[in-house]
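Values in this text are rule-based calculations from the coordinates and carry no lab data. Everything quoted here is computed from the prediction, not taken from an experiment. Counting neighbours? That spans all protein chains shown, and the Cβs are built from the backbone with ideal geometry, glycine included.
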Amino acid sequence: MASNSQTRISERAANEAAERERLREALPATVDHLQNHQADRIDDNDIDAYVRLNWLEWHGGGLRLTITGRNVCAQLTPTA
């Protein structure tokens, strides 16, 4: 019984890690949509996930990148 539980936890952790990586890779495009006032092009579920991760936050009825989100984007930008 414990191995089934551990397997489910491992699978869930792997799925969460894969989803987080997908969101991390999509974050620069998401930021681009926000900067171009095209937030409607961002999936609602992705917005919720970004807010849960503290990469985006609601501010005055709009979304903006948090400090954490800026750091994630900076990690994705190659240095010259």
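Of note:
- Correct choice for Rg/Rh (Cα atoms, Kirkwood Rh) that was computed from the model, options (1) 0.94; (2) 0.92; (3) 1.10: (3)
- Comparing Gly61, Thr77, Val31 along the charge dipole axis of the chain, the residue lying farthest to the positive side is Thr77, per the Cβ-charge model.
- Acute angle (nearest 10 degrees) that the helix 67-76 long axis makes with the longest principal axis of the chain, alpha-carbon atoms: 80
- Between helix 2-35 and the chain: long-axis angle, C-alpha atoms, 0 to 90°, nearest 10: 10
- Cβ-placed point charges (K, R +1; D, E -1), dipole of the chain about Cα centre in debye, nearest 20: 240
- Residue among Arg70, Arg22, Arg41 with the largest mean-square fluctuation in a Gaussian network model of the chain, springs linking Cα atoms under 10 Å: Arg41
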